[in-house]
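The values are calculated or read from the model by the stated rules, or taken from the named source; none is laboratory data. Everything numeric in this text was worked out from a predicted model, so none of it was measured. Positions of Cβ are generated from backbone atoms using ideal geometry, with glycine treated the same way; all protein chains shown enter the neighbour counts.
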Amino acid sequence: MLSNPVRIQVMQYLQTHGEATTKQISEAISDVPAPTLYRHINTLLKEEVLLIKEERKVRGSLERLLAINVKKMSDVVNSNISETAYQFLMDLYMKFQKYSCKDNADPQKDRLSLRTCILTLTDDSFDNFMQDIAAVIGKYQKAEENGKLRSVSFISAPIEEEG
């Protein structure tokens, strides 16, 4: 369900903004044709990954306010975290593989970055950290004129301490 890049973009937008109309999502993900985006949103609604928080009439058409179905997503992720992680990582790998096969691939020019840092935080501090990350992403999520599309991913994982 979430291995499709358009659906991932929709989920990331809603994760950052909390809720949005289909029109707001379409404006934010402007590189995807509206009919394609609407089809993916309808698929996410059908699978109950998204839910409709509110419906209202706007100039004769029905506008839906969408949000992530947190319970459904938690159930899906928790039911098979290994498969969820595998799909996420394979999607990233596929993008790196596709990029590296381009004749004009220039990781330095394109600001390609792979970083890992280890933090020692309480659960509350980690929650605050993730809220800060969401705020920073939200600040930069609006498309800039002459901007380049960039994919940024974060992975939080426990560390198995040896010995």
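General remarks:
- Leading residue by the ranking (surrounded by the fewest Cβ atoms within 10 Å (Cβ to Cβ)) among those in segment 21-48 that are among the small types (Gly, Ala, Ser) and in contact with a helix residue (DSSP H, G or I) (Cβ under 6 Å, 6 or more places away or on another chain): Ala34
- Criterion violated by Ile52 - all others in (1) among the β-branched types (Val, Ile, Thr); (2) assigned to a strand (DSSP E or B); (3) under 21 Å from Pro5 (Cβ atoms) satisfied: (3)
- Condition broken by Glu55, with the remaining ones in (1) surrounded by fewer than 11 Cβ atoms within 10 Å (Cβ to Cβ); (2) acidic (Asp, Glu); (3) within 27 Å of Ser156 (Cα to Cα) satisfied: (3)
- Any chance Leu45 is in contact with a Leu (Cβ under 8 Å, 6 or more places away or on another chain), at negative phi, in a strand (DSSP E or B) and hydrophobic (A, V, I, L, M, F, W, C): no
Every residue, every condition in (1) among the charged types (D, E, K, R); (2) surrounded by fewer than 12 Cβ atoms within 10 Å (Cβ to Cβ), yes or no:
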| position | (1), (2) |
| --- | --- |
| Leu51 | no, no |
| Glu63 | yes, no |
| Ser74 | no, yes |
| Cys117 | no, yes |
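- Residue that is assigned to a helix (DSSP H, G or I), basic (Lys, Arg), in contact (Cβ under 8 Å) with a residue 24 or more places away in the chain and over 22 Å from Val152 (Cα atoms), where the choices are Lys71, Lys23: Lys23
- Among the candidates Leu119, Leu37, Leu65, residue that is aliphatic (A, V, I, L, M), more than 20 Å from Pro5 (Cα to Cα) and out of contact with any strand residue (DSSP E or B) (no Cβ under 7 Å at 6 or more places or on another chain): Leu119
- Just one of the listed residues (Lys57, Lys53, Lys46) is of a type in the set (D, E, K, R), in contact with a strand residue (DSSP E or B) (Cβ under 7 Å, 6 or more places away or on another chain) and free of Cβ contacts under 8 Å to residues at least 40 places away in the same chain, and it is Lys53.
- Close pairs (8 angstrom Cβ cut-off, 6 or more residues apart or separate chains): loosely packed, with under 10 Cβ neighbours inside 10 Å in segment 143-162, in a loop (DSSP other than H, G, I, E, B) anywhere: Lys148/Asp110; Leu149/Asp31; Ile159/Ile118
- Residues in segment 1-20 that are outside any helix (DSSP H, G or I), within 27 Å of Tyr86 (Cα to Cα) and aliphatic (A, V, I, L, M) were compared, and the one that is modelled with the highest pLDDT is Leu2.
- Residue list for segment 26-42, restricted to those being of a type in the set (Val, Ile, Thr) and either over 28 Å from Lys148 (Cα atoms) or without any contact (Cβ under 8 Å) to a residue 24 or more places away in the chain (or both): Ile29
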